[in-house]
Amino acid sequence: MAFAPTIIERLARARADLRMGVPVVLSGETSVLVMATETLSAARMSDLQALGGEPVLAITSRRAETLKARAYDGDLARIILPQDATLALVQSIADPADDLNAPMKGPFTSARTGDAAPHRAALAIIKSARLLPSAVVLMLDHAAQFATTHGLTIVPLDLARQHLGATSPLHPVVQARLPMDVSEAGRLHIYRPEDGGEEHYAIEIGRPDRSEPVLARLHSACFTGDLMGSLKCDCGPQLRGALAQMGAESAGILLYLNQEGRGIGLANKMRAYSLQDQGFDTVEANHRLGFEDDERDFRLGADILKSMGFNSVRLLTNNPNKVDMMNASGVTVSERVPLKVGENAHNTAYLATKAAKSGHLL
């Protein structure tokens, strides 16, 4: 009987629990209790400390670099928390919002021995939940019994590793005709990932020939730019410009991928905007939050294109990384079509940073 959740379903449960502030248990050679720092409550922090042991705060090496903390594990640091650590202290280490007002948060002592694999998995799950990449982690004995006693989701690490960081398979849900301003011959295709994540969309203009390179755009969702007309980025003009060009050619595919804020989610994107108001550029802001320059996965777009019968594209983009990832994912980019629109007085510095630090061809 197949009533028990699969590992993919367990990971989906873990993401949901962490977003609500509920701890999860990661079990393996080293088993741990994990709490997402962003959603941690004072009551659960107190209960964690009452268990004894030595809780640590896992943060990415990007955040550790800002804090001048030692990242002995390479991609992450395990900061040993003092016994009297308060929730305010823990969250101030994880969240850079107040860094300039209180720059001296350390010195910190980082763990340099022991198994960091559970902490790495915890950060991966928390990132996929679109939370600040930081976790309070405590080693556990008798993990399965602890999880059962407290009704917590338990995730076996040996099964989870192969799925963390992998692209979830996408399945078509429905498609229907969608007449639009740029073309009355439009169709909207909905794709749903197996891992319970956000759905992604393909907007098909006309009836593109599957045997020829199709004019295509990989567009990451941007609530502020696409819907609100934000002047801080060029996303809205790029979306409308790409659709207009496809309409003019009577054929094209626009993939609308729900990877807001270069894959960090809208809340973290707004945190990055706040840091930009403090004087940091878009890349520096992401790093201070603990993220990489760009956390998106464009393999999603390649998977959708192939499922629709397209193996070659003329890609509307200024980002050479999209070209490289398409080619590496089995979709040939026969031509990169520039899409230089939307520069204004508010986003000139942002676009300059994208060109200088992220290699965009502007």
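With a Cα cut-off of under 28 Å and a minimum spacing of 8 residues unless on different chains, the lysine pairs in the chain number 29.
Please give the per residue volume of the convex hull enclosing the alpha carbon atoms of segment 79-231, rounded to a whole number of Å³.
233
Backbone N atoms of segment 135-155 closer than 11 Å to the 7 Å Cα→Cβ label point of Phe3 are not found in any residue.
Which residues in segment 16-55 have a backbone N closer than 16 Å to a point placed 7 Å from the Cα of Thr113 along the Cα-to-Cβ line? Within reach of a label on Thr113: 54. For the listed peptides 240-246, 277-283, a ranking on the average number of other beta carbons within 10 Å per residue, highest first, reads 240-246, 277-283.
Round to a whole angstrom and tell me the spacing of the C-alpha centers of segment 135-158 and segment 60-130. Taking the Cα centre of segment 60-130 as reference, the centre of segment 135-158 is 21 Å away. Counting only heavy atoms of the protein chains and using a 1.4 Å probe, Phe223 has close to 90 Å² of accessible surface. Here the accessible area of the chain is 52 percent carbon and sulfur, with a 1.4 angstrom probe and all protein chains present.
Among the trypsin sites (Lys or Arg not before Pro) found in segment 44-80, those both in a DSSP coil and sparsely packed, with 14 or fewer other Cβ atoms within 10 Å of their Cβ, are Lys68.
Hydrodynamic analysis of segment 1-99 uses the Kirkwood radius over alpha carbon pairs. Inserted into Stokes-Einstein at 37 °C and 0.692 mPa s, it gives a translational diffusion coefficient of 218 µm²/s.
Radius of gyration (Cα atoms) of the chain, expressed as a multiple of 2.2 N^0.38 Å: 1.07. For the pair Ile80 and Ala248, label points projected 7 Å from Cα toward Cβ lie 6.4 nm apart. With all protein chains kept in place, the per residue accessible area of segment 1-100 amounts to 49 square angstrom at a probe of 1.4 angstrom. For segment 252-335, the solvent-accessible area works out to 33 Å² per residue, with a probe of 1.4 Å and every protein chain left in place. For segment 276-340, the list of trypsin sites (Lys or Arg not before Pro) that fall in a loop by DSSP and count at most 16 other C-beta atoms within 10 angstrom reads Lys340.
The values are calculated or read from the model by the stated rules, or taken from the named source; none is laboratory data. What you see is a predicted model; the values in this text were computed from it and never measured. Ideal geometry is used to build each Cβ from the backbone, glycine not excepted, and the neighbour counts take in all protein chains shown. Protein only, heavy atoms only, side chains kept; ligands, DNA and RNA dropped before computing areas. Shrake-Rupley method; radii C 1.70, N 1.55, O 1.52, S 1.80 Å.
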